[in-house]
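Asks: My questions all concern the structure below.
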Amino acid sequence: QFMMDLLLEENVLMVQGTGFNWDKHDHFRLVFLPNLHDLEDAMDRLDRFFAKKRKQFGTD
């Protein structure tokens with residue numbers, strides 16, 4: 001659900017670790033191949049998403 005929320009809310013696609021032969025669901029993988037501007041934009045979106053989730057779940 002986490003990955004789907006991230007995609008729908010911030011338009012950032014990440015894949016859980018099981019997509020890369022990791023047997024646990026508690027990992028994800030980032031790719032650092034895009035140009036610097038795109039990476040900075042994605043990190044800003046991740047930051048915004050995590051801030052919303054912290055506020056939503058009262059862990060802010």
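Asks: Scan segment 1-25 and report the pairs whose first residue is farther than 15 Å from LEU46 by Cα and among the small types (Gly, Ala, Ser) and whose second residue is surrounded by 12 or more Cβ atoms within 10 Å (Cβ to Cβ) and at pLDDT 85 or above, with Cβ atoms within less than 9 Å and a gap of 6+ or a chain change.
Replies: Cβ pairs passing all conditions: none.
Asks: Within the set of pairs 6+ apart or on separate chains, which have a first residue in segment 27-54 that is surrounded by 11 or more Cβ atoms within 10 Å (Cβ to Cβ), a second that is in a helix (DSSP H, G or I) and of a type in the set (Lys, Arg), and C-beta atoms under 6 Å apart?
Replies: No pair meets every condition.
Asks: All but one of (1) part of a helix (DSSP H, G or I); (2) exposed (fewer than 13 other Cβ atoms within 10 Å of the Cβ); (3) within 12 Å of the chain's Cα centre (by Cα) hold for GLU9; which doesn't?
Replies: Exception for GLU9: condition (2).
Asks: Mind listing whichever residues of segment 16-60 are polar (S, T, N, Q) and closer than 14 Å to MET3 by Cα?
Replies: Scanning segment 16-60 gives GLN16, THR18.
Asks: So MET4 passes all but one of these: (1) surrounded by 10 or more Cβ atoms within 10 Å (Cβ to Cβ); (2) of a type in the set (A, V, I, L, M); (3) not in a loop (DSSP other than H, G, I, E, B). Which condition number does it fail?
Replies: (1)
The values are calculated or read from the model by the stated rules, or taken from the named source; none is laboratory data. Please read all numbers here as calculations on a predicted model, not as lab measurements. Glycine gets a Cβ as well: all are built from the backbone with ideal geometry, and neighbour counts include every protein chain shown.
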